[in-house]
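J.: Here's a structure for you.
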Amino acid sequence: MEKTWNNKAWFMVLPVLLLVAFSAVIPLMTVVNYSVQDTFGNNEFFWAGTEWFEEVLSSSRFHDALLRTIAFSAIILAIEIPLGILIALTMPRKGWGVPVCLVLMSLPLLIPWNVVGTIWQLFGRTDIGLLGRMLTGLGIDYNYGRNPFDAWATIIVMDVWHWTSLVVLLCYAGLVSIPEAYYQAAKIDGASRWSVFRFIELPKMNRVLQIAILLRFMDSFMIYTEPFVVTGGGPGSATTFLSIDLVKTAVGQFDLGPAAAMSIIYFMIILLLSWVFFTVTTQAGEDRS
Amino acid sequence: MTATTYSGTANNLSRAGIRVATAGSGRRRLKRLVPVAYILFLLLPVYWLVSLSLKSNQEILSSFTLWPQNPTLTNFRVIFNDPAWYETYINSMTYVFLNMVISVTIALPAAYAFSRYRFLGDKHLFFWLLTNRMAPPAVFVLPFFQLYSAFGLIDTHIAVAIAHCLFNVPLAVWILEGFMSGVPKEIDETAYIDGYSFPRFFVKIFMPMIASGIGVAAFFCFMFSWVELLIARTLTVTAAKPIAAAMTRTSSATGLDYGVLAAAGVLTIIPGALVIWFVRNYIAKGFALGRV
């Protein structure tokens, strides 16, 4: 659409700008402020330079939490994206099955995050949970509160349960936009199922897949509430992701300096990775067209 | 009656016949199996929650049963009779509703500006809004607490409503912009020629045209504010405490009242489940910030 150049449009954007500035810029400035200062209490602050950043970047606790978070995001993407594509491909395209699938699959997306945690906490308990009871019944020594592997498995299955539908819905939106004629042409050419997927469906899903990967990366990298409710970061610190560690440092121990430095590093990692991803995919898209 | 049954059976038979005749019918059945298995996987934990909420605590703890033997609404009665419980439900509803109204109201003119005009720094601004979606809530916990303390807003509904604007306003702007760009610009121009002033045109002509977009944006503001807990819990103590926070407290304090906990969980699922039907075709669009 042809847009007219009009700087008065700024007045329409102004309320949004002011509100987001109040709820994003001012708090971020506070964080920046804390990250370069030290305090001995009494609201007296003095300049600490990059001390906190050095401390955080060299602490093994931060490295471990970062590694755990990266591993978690990688596992989540490796499971949810292929699974989401598979389910989207097998979903019905017309008839009564479409709304039924859409509604039922959307359900987990609309549940409050801590309730998701509660659901899986109850579901996985070995005394009253169906899953825990079943696994114990099968002779598997399952206990997400004691065994780090079980804790990880529970959280990953929970996230797959919670968010795969998002990938499914996005891919499905891409798939239904493919005209029937494409499939007919492929049939006439005698294309195999795999080539239909590789040369028709996957390119058409390209855009939605990018969004799906970006969203799943961001949200899994920021995950806090669900694992916190299920494991509280334990057993030990086996499931202490960056966000859990950050809240512990900031609110639990009230270490303002390290917490602020950590916040900035954390935010920067997300922004940087998202930006790299964004530029790479948009450039790849432009090269092709 | 019998005739229809017979024709129905015949129909099924002929359909089955066709299915047998087509090659790869097994594969097609397998294809149906994947979504069905996935939906079962999705529903099983939810079923378990509902089932627990209908059991008495004795039944939950003493015997392991797949479905409630003596279904009871006691757990729900506990919540509806205890102000400490149902007020948190009202609190959540209040700030979510406030947030929805604020976000959509201020996002409407901004989205119009982005969809119709070019202005200094428009693209940068548009993407800067998106970066707020990437901000980890954990980063904002402490500064939010201090900021809202400084304004004396801790434990008020409006504090949570404004704090949630952090991610809901960008969301509303992006979704509305997508819908507005679908309305041809000629509509605006015709209205101006007909002598409509801008506010009258916007309210009388433009807003009805993007009514579904406003509905979708409002729904997603509602949803994201409803599911968020970390910020909401940090900014509230008792007077504006969300139901989700009340749940974490109960589970740790008494440790045994699983029935009530499950009932509270079921109650938080209901608002979303009620409106899914109306937005089912827009869910992908909303989660992707209107970019699908």
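The values are calculated or read from the model by the stated rules, or taken from the named source; none is laboratory data. Not measured: the values here are computed from a predicted model. Note that each Cβ is placed from the backbone with ideal geometry, even for glycine, and that neighbours are counted across all protein chains shown.
J.: Are any of the residues in the stretch B:147-154 part of a helix (DSSP H, G or I) and in contact with a helix residue (DSSP H, G or I) (Cβ under 7 Å, 6 or more places away or on another chain)? Step through it out loud before you land on a result.
T.: First pass over the stretch B:147-154, keeping only residues part of a helix (DSSP H, G or I): B:147-150.
Cutting the leftovers down to in contact with a helix residue (DSSP H, G or I) (Cβ under 7 Å, 6 or more places away or on another chain) gives us B:147-148.
Yes, because at least one residue in the stretch B:147-154 is part of a helix (DSSP H, G or I) and in contact with a helix residue (DSSP H, G or I) (Cβ under 7 Å, 6 or more places away or on another chain).
J.: If you don't mind, there's one more thing I want to ask. Does A:LYS187 qualify as being of a type in the set (Lys, Arg) and modelled with pLDDT under 85?
T.: Details: of a type in the set (Lys, Arg): yes; modelled with pLDDT under 85: no.
So A:LYS187 does not fit the description; no.
J.: Test of understanding: among B:ASP188, B:ASP155, B:ASP122, which residue is more than 19 Å from A:PHE22 (Cα to Cα), surrounded by fewer than 23 Cβ atoms within 10 Å (Cβ to Cβ) and in contact (Cβ under 8 Å) with a residue 60 or more places away in the chain? Write out each step before concluding.
T.: On the way: B:ASP155 fails: more than 19 Å from A:PHE22 (Cα to Cα); B:ASP122 fails: in contact (Cβ under 8 Å) with a residue 60 or more places away in the chain.
Selected residue: B:ASP188, the only one of B:ASP188, B:ASP155, B:ASP122 that is more than 19 Å from A:PHE22 (Cα to Cα), surrounded by fewer than 23 Cβ atoms within 10 Å (Cβ to Cβ) and in contact (Cβ under 8 Å) with a residue 60 or more places away in the chain.
J.: Would you confirm whether any residue within the stretch B:61-81 is over 14 Å from B:GLY265 (Cα atoms) and in contact (Cβ under 8 Å) with a residue 24 or more places away in the chain?
T.: Yes.
J.: Let me ask another. Within the stretch B:56-93, which residues are of a type in the set (Val, Ile, Thr) and either within 11 Å of chain A (Cβ to nearest Cβ) or not in a loop (DSSP other than H, G, I, E, B) (or both)?
T.: The answer is B:ILE60, B:THR65, B:THR74, B:VAL78, B:ILE79, B:THR88, B:ILE90.
J.: Looking at the stretch B:129-145, is at least one residue modelled with pLDDT under 85 and more than 24 Å from A:TRP163 (Cβ to Cβ)?
T.: yes
J.: Can you spot a residue in the stretch A:230-245 that is outside any helix (DSSP H, G or I), more than 23 Å from the chain's Cα centre (by Cα) and not hydroxyl-bearing (Ser, Thr, Tyr)? It would help to see each step written out before you state the result.
T.: Taking the stretch A:230-245 first, the residues outside any helix (DSSP H, G or I) are A:232-241.
When the remaining residues are screened for being more than 23 Å from the chain's Cα centre (by Cα), the result is A:236.
This time we only want the ones that are not hydroxyl-bearing (Ser, Thr, Tyr), so: A:236.
Checked against the condition, which is being outside any helix (DSSP H, G or I), more than 23 Å from the chain's Cα centre (by Cα) and not hydroxyl-bearing (Ser, Thr, Tyr), the stretch A:230-245 yields at least one hit.
J.: Looking at the stretch A:238-259 only, could you name the residues that are within 24 Å of A:ILE156 (Cα to Cα), surrounded by fewer than 21 Cβ atoms within 10 Å (Cβ to Cβ) and of a type in the set (A, V, I, L, M)? Please lay out each step first, then the result.
T.: In the first step, residues of the stretch A:238-259 are kept if they are within 24 Å of A:ILE156 (Cα to Cα); the result is A:238-248.
Then keep just the ones that are surrounded by fewer than 21 Cβ atoms within 10 Å (Cβ to Cβ); that gives A:238, A:248.
The one that is within 24 Å of A:ILE156 (Cα to Cα), surrounded by fewer than 21 Cβ atoms within 10 Å (Cβ to Cβ) and of a type in the set (A, V, I, L, M): A:ALA238.
Residues are listed down the side, and each one gets a yes or a no for (1) in the same structural domain as B:PRO208 (by TED's automatic domain parsing); (2) farther than 13 Å from B:VAL169 by Cβ:
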{"residue": "B:PRO71", "(1), (2)": "no, yes"}
{"residue": "B:ALA84", "(1), (2)": "yes, yes"}
{"residue": "B:GLU87", "(1), (2)": "yes, yes"}
{"residue": "B:THR94", "(1), (2)": "yes, yes"}
{"residue": "B:LEU108", "(1), (2)": "yes, no"}
{"residue": "B:LEU120", "(1), (2)": "yes, yes"}
{"residue": "B:HIS124", "(1), (2)": "yes, yes"}
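J.: Pick out the one residue from A:ALA71, A:ALA88, A:ALA48, A:ALA24 that is within 13 Å of chain B (Cβ to nearest Cβ), hydrophobic (A, V, I, L, M, F, W, C) and within 18 Å of A:ILE265 (Cα to Cα).
T.: On inspection, the qualifying residue turns out to be A:ALA24.
J.: Something else now. Every residue in the stretch B:169-183 that is modelled with pLDDT of 90 or more and farther than 8 Å from B:ALA111 by Cβ, please.
T.: B:VAL169, the sole residue that qualifies.
J.: Among what's in the stretch A:55-69 and is of a type outside the set (D, E, K, R) and crowded, with 16+ Cβ neighbours inside 10 Å, pick the residue that is farthest from the chain's Cα centre (by Cα).
T.: Taking the stretch A:55-69 first, the residues of a type outside the set (D, E, K, R) are A:56-60, A:62-63, A:65-67, A:69.
From what is left, the residues that are crowded, with 16+ Cβ neighbours inside 10 Å are A:56, A:62, A:65-66, A:69.
Details: A:VAL56: 23, A:PHE62: 19, A:ALA65: 16, A:LEU66: 15, A:THR69: 10 Å.
Of everything passing the filter in the stretch A:55-69, A:VAL56 is farthest from the chain's Cα centre (by Cα).
J.: Going by the structure shown, is B:TRP226 facing chain A (nearest Cβ under 8 Å), surrounded by 23 or more Cβ atoms within 10 Å (Cβ to Cβ) and at pLDDT 75 or above?
T.: On the way: facing chain A (nearest Cβ under 8 Å): yes; surrounded by 23 or more Cβ atoms within 10 Å (Cβ to Cβ): yes; at pLDDT 75 or above: yes.
Yes, satisfied.
J.: Let me ask you something else. Checking A:LEU214 against (1) surrounded by 22 or more Cβ atoms within 10 Å (Cβ to Cβ); (2) touching a residue at least 40 places away in the same chain (Cβ under 8 Å); (3) closer than 19 Å to A:LEU271 by Cβ, which single condition isn't satisfied?
T.: The failed condition is (1).
J.: So which of A:PHE221, A:PHE241 is in contact with a Ser or Thr (Cβ under 6 Å, 6 or more places away or on another chain), within 26 Å of A:HIS162 (Cβ to Cβ) and more than 9 Å from chain B (Cβ to nearest Cβ)? Step through it out loud before you land on a result.
T.: On the way: A:PHE221 fails: more than 9 Å from chain B (Cβ to nearest Cβ).
Checking each option against the conditions leaves just A:PHE241.
J.: Can I ask one more? Within the stretch B:119-149, which residues are facing another protein chain (nearest Cβ under 7 Å) and under 24 Å from the mean Cα position of the chain (by Cα)?
T.: Step one: list which residues in the stretch B:119-149 are facing another protein chain (nearest Cβ under 7 Å), which gives B:119-120, B:125, B:129, B:131-132, B:134-144, B:146-147.
The answer is B:LEU129, B:THR131, B:ASN132, B:MET134, B:ALA135, B:PRO136, B:PRO137, B:ALA138, B:VAL139, B:PHE140, B:VAL141, B:PHE144.
J.: Now for a separate question. Does A:ASN147 satisfy the criteria of being polar (S, T, N, Q), at pLDDT below 90 and either over 18 Å from B:PRO45 (Cβ atoms) or touching a strand residue (DSSP E or B) at 6+ places or on another chain (Cβ under 8 Å) (or both)? Walk me through how you get there before you give the answer.
T.: Details: polar (S, T, N, Q): yes; at pLDDT below 90: yes; either over 18 Å from B:PRO45 (Cβ atoms) or touching a strand residue (DSSP E or B) at 6+ places or on another chain (Cβ under 8 Å) (or both): yes.
Yes, satisfied.
J.: In addition: Please work out if A:ILE128 is touching a Cys at 6+ places or on another chain (Cβ under 6 Å) and either modelled with pLDDT of 90 or more or at negative phi (or both). Give the steps one after another, and end with the answer.
T.: On the way: touching a Cys at 6+ places or on another chain (Cβ under 6 Å): no; either modelled with pLDDT of 90 or more or at negative phi (or both): yes.
Taking the combined requirement at face value, the residue does not satisfy it.
J.: Going through the stretch B:98-118 one residue at a time, which ones are more than 7 Å from every other protein chain (Cβ to nearest Cβ) and either hydrophobic (A, V, I, L, M, F, W, C) or over 15 Å from B:ALA163 (Cβ atoms) (or both)?
T.: Just the residues of the stretch B:98-118 that are more than 7 Å from every other protein chain (Cβ to nearest Cβ), to begin with: B:98-105, B:108, B:111, B:114-115.
Answer for the stretch B:98-118, where residues must be more than 7 Å from every other protein chain (Cβ to nearest Cβ) and either hydrophobic (A, V, I, L, M, F, W, C) or over 15 Å from B:ALA163 (Cβ atoms) (or both): B:LEU98, B:MET100, B:VAL101, B:ILE102, B:VAL104, B:THR105, B:LEU108, B:ALA111, B:PHE114, B:SER115.
J.: Failed condition for A:ALA74, given (1) within 19 Å of A:LEU170 (Cα to Cα); (2) surrounded by fewer than 17 Cβ atoms within 10 Å (Cβ to Cβ), with all others met?
T.: In the conditions (1) within 19 Å of A:LEU170 (Cα to Cα); (2) surrounded by fewer than 17 Cβ atoms within 10 Å (Cβ to Cβ), A:ALA74 misses (1) alone.
J.: For the stretch B:38-54, name all the residues that are more than 7 Å from chain A (Cβ to nearest Cβ), assigned to a helix (DSSP H, G or I), touching a residue at least 12 places away in the same chain (Cβ under 8 Å) and not β-branched (Val, Ile, Thr).
T.: B:SER51, B:SER53
J.: Name, by its number, the condition in (1) more than 30 Å from B:LEU261 (Cα to Cα); (2) at the interface with another protein chain (Cβ under 10 Å from one of its Cβ atoms); (3) part of a helix (DSSP H, G or I) that does not hold for A:TRP161.
T.: (1)
J.: Among the residues of the stretch A:240-282, count how many are more than 18 Å from B:ARG133 (Cβ to Cβ) and of a type in the set (Ser, Thr, Tyr).
T.: So the count comes out to 2.
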